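To start, the structure under review is shown below, and the notes come after it.
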Amino acid sequence: MTDTTAPQLPTDTEEAPVLTHSWADRRALRNGMFTIGAWLVALIAAIPLVSVLYMLIVQGGSRLSTDLFTELPPAGFEMGGGFGNAIVGTILMVLIASIIAVPIGVMAAAYLAELGPESQLGRVSRFLSKVLTGFPSILAGVFVYAVLVLAMGTYSAIAGGVALSILMLPTVVLTAEEAMKMVPRKMKDAALGMGCTRTQMIWKVVFPTALPGILTGVMLGVARVAGESAPLLFTALFSNYWISNLREPTASLSILIYNFSSMPFDNQIELAWAASLVLVLIVLVFNILSRLFGRPKY
Amino acid sequence: MTVVQPLKGDAPTKSASADGGDIAINCNVSKIYYGSFLAVRDARVAIHKGKITGFIGPSGCGKSTVLRSLNRMNDLIQGFRLEGDVHFLGQDIYAKNIDPVVVRRYIGMVFQQPNPFAMSIYDNVAFGLRLNKFKGNYDERVEHALRRAALWDEVKDKLKASGLSLSGGQQQRLCIARAVATEPTVLLMDEPCSALDPIATRRVEELMLELKDDYTIALVTHNMQQATRVADITAFFGVDISKGGRTGYLVEMGETEQIFQRPREQLTQEYVSGKFS
């Protein structure tokens, strides 16, 4: 009845509305500035990673050869050489760490996500896991030194692996918990409605569905510990020879880089660069593998 | 434990009278609590063998709560407490020595939201068979279940494809196939069509009518027309707000035709004629 009170829509007027883009419009200007700002910040964030990779490839790439993987580290004025034993040692200790941390971490995550998410034990262990993610890695080494190295009477690959597993565990627990929580409630209800016990629900439905996320967590853990040197200083130490058993001092890439980079010999410094590049490549390969295997199948 | 039943089409079960009349589930609930909240009172419902029993009523009347207490799915909810008993083929499933996990293998469930597992179509249907360590021809049972669910022709060439790749209506029929693969005695359906479009709804309704030859079905529906189309017997639940809370209770139950044409209660009359919903 009162058309006059209704707001006048642009289409009601005779004039055609202006739909063209104009920088004079403050809104468009602010939007443009913010977009450029976001671009710049993203670029700045990428600079450290790109420059590190560039340095590694330039400095270490020239020494890349099969010798690196088959030869032992050179002593003093020796020329050539490689760090095959350190590659084996690093992979071995990361493997030991994974064997310890993955089953414990995934089971703990299953408890946190499914069995007792709000229980006292669940809350406390979730909090402790979060604290442990920021745990100084050198303390993990000192701890294992006191518990294992002194008891065994020797530095060893086992002790190194245990120290790394302490650092790996919280990453695995927290990411695997998140992955399991992402499995839809209705899928879990369906399993229970079919007559699954809670254990069967976790094994047959939650684990397979959350597998990509769990693997991502494991890979994050591997990537975190593969380059650690501080915890290995007190546990695995170093060795110039091939490893013959798990109960002796063991070489690792990170300690080799640490040792060689401070030496006054060009050969060793070049090897340190090459070892850095190899370390980054190993982590990269693990990441790609986890993406291949961790792709959701369904 | 051999929970997986023989195929119903192949070996018809013995006459119903052998295990206590034609009633599959005799639900005799006097009170259901969630914590201190009284959700349902006085719900005495008999689910007849080989028939579709529809539960209708306004929101919050406890029809889903009652349905979920028939296979102890409510046990999973914190603070759930039931007074009364629910007899399934003569046994009280709330008795102390009953394992709710086993109960759920005999009384299957189809949920409101289609919820296939993140597995292949085949594995979805075979899930219950594997769970019950079924020894026999899996391919045959899977095909039979998919045919029962009127899904076979649509998926027979892509059994390895993900169950999640199907459309909503197909997913719901896959869930029905998954539920019937182990040949449960009773099938509980909790608003199975509420997430589906009208065409998919129609297919699932046709399917229910076919399935009732072999299965006992209890169906919660928000849609009165659906109840008139498929239910043989209808239970009408109301909400009692007199004591401050919202407590559901059974108003009346009878042949669907009687409930909709000649309701005994004033409240039923008002509901089925659309005076409130």
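The values are calculated or read from the model by the stated rules, or taken from the named source; none is laboratory data. Keep in mind the model is a prediction, meaning the values are calculated, not measured. Quick reminder, even Gly has a Cβ in these numbers, built from the backbone with ideal geometry, and neighbours come from all protein chains shown. Each accessible area value is taken on the protein alone, full model and side chains, heavy atoms only, with ligands, DNA and RNA left out. Shrake-Rupley method; radii C 1.70, N 1.55, O 1.52, S 1.80 Å.
Just a few scattered comments:
- Calculated SAXS-style log₁₀ I(q)/I(0) at q = 0.07, 0.16 Å⁻¹ - chain B, Debye, Cα scatterers: -0.25, -1.29
- Legend: residues A:M79, B:M73, sorted from most to least accessible area (1.4 Å probe; ligands, DNA and RNA excluded), read A:M79, B:M73.
- Ignoring aspartates and glutamates fewer than eight residues from B:K133 along the same chain, the ones with Cα atoms less than 19 angstrom from its Cα are B:D99, B:D123, B:E143, B:E183.
- Under 5 Å, built H, 5+ apart or other chain: amide partners of B:A24: B:I47, B:H48, B:K49
- Using heavy atoms of the protein chains and a probe of 1.4 Å, the accessible area assigned to B:D99 is about 70 Å².
- Straight-line reach from B:K51: taking Cα to Cα under 24 Å and skipping same-chain neighbours fewer than 8 places apart, the lysines in range are B:K8, B:K14, B:K63, B:K212.
- Solvent-accessible surface of protein heavy atoms, probed at 1.4 angstrom with all chains present, puts B:V40, A:V283 in the order A:V283, B:V40, largest first.
- Loop sites in the range A:35-114: GluC sites (Glu not before Pro), DSSP, at most 13 other Cβ within 10 Å: A:E78
- Taken about its Cα centre, the range B:155-277 carries a charge dipole of roughly 420 debye when the Cβ of each Lys and Arg holds +1 and the Cβ of each Asp and Glu holds -1.
- The range A:48-130: C-alpha pair distances exceeding 14 Å, %: 77 percent
- Per DSSP, loop trypsin sites (Lys or Arg not before Pro) in the range B:97-185 with at most 12 further Cβ within 10 Å: B:K133, B:K135, B:K156, B:K160
- Between B and A, accessible area buried - total, square angstrom, nearest 100, 1.4 angstrom probe: 1800 Å²
- For the protein assembly as shown, a simple Cβ point-charge model (Lys and Arg +1, Asp and Glu -1, everything else neutral) yields a dipole of about 1000 debye relative to the Cα centre.
- Most positive-pole-ward Cα, A:A45, A:A272, A:T154, against dipole of the protein assembly as shown from beta carbon charges: A:T154
- Simple point charges give the picture: +1 on the Cβ of Lys and Arg, -1 on the Cβ of Asp and Glu, and for the range A:1-150 a dipole about the Cα centre of about 620 debye.
- For a paramagnetic label modelled on B:V101 (point 7 Å from Cα along Cα→Cβ), amide N atoms under 17 Å away belong, within the range A:183-220, to A:188-207.
- Spin-label pair A:V50/A:T66, simplified geometry with 7 Å Cα→Cβ offset, distance in nm: 3.6 nm
- Chain A: radius of gyration and largest Cα-Cα distance (Dmax), Å: 27.3, 101
- Net +/- balance of residues flanking A:R63 in space, Cβ distance below 14 Å, scoring K and R +1, D and E -1: -4
- In this simple spin-label model, placing a label point 7 Å from the Cα along the Cα-to-Cβ direction at both A:I288 and A:L150 gives a separation of 4.5 nm.
- Annotation: A:S262 carries an accessible surface of approximately 90 Å², with a 1.4 Å probe and no ligand, DNA or RNA atoms counted.
- Per residue of peptide B:120-130, the mean number of Cβ atoms on other chains within 10 Å of the residue Cβ is 2.
- All C-alpha to C-alpha distances of the protein assembly as shown, sorted into 10 Å bins beginning at zero, yield P(r) values of 3, 13, 18, 16, 13, 14, 12, 7, 3, 0, 0 percent in whole numbers.
- Diffusion coefficient of the range A:141-210 by Stokes-Einstein, Kirkwood radius over Cα pairs, 10 °C, 1.306 mPa s: 108 µm²/s.
- Every helix of 4 or more DSSP H residues in chain A counts as -39500 (n - 2.57), and over all residues that averages to -21000 deg cm²/dmol at 222 nm.
- Each residue of the range B:32-42 was assigned a 3J(HN,Hα) from its phi angle through the Karplus expression (A = 6.51, B = -1.76, C = 1.60, θ = phi - 60°), giving 10, 10, 10, x, 9, 7, 7, 8, 9, 9, 6 Hz with x at Gly and Pro.
- Average beta carbon contacts from partner chains per residue of A:195-204, 10 Å cutoff: 4
- Cα point-scatterer Debye curve for the range A:164-298, base-10 log of I(q)/I(0) at q = 0.16, 0.18, 0.22 Å⁻¹: -0.89, -1.01, -1.25
- Computed from label points 7 Å out along Cα-Cβ, the spacing between A:M182 and B:D22 is 5.2 nm.
- Counting only alpha carbon atoms, the long axis of helix A:266-293 and the longest principal axis of chain A meet at about 50°.
- Helix axis angle, A:84-110 relative to chain A longest principal axis, alpha carbon, degrees: 50 degrees
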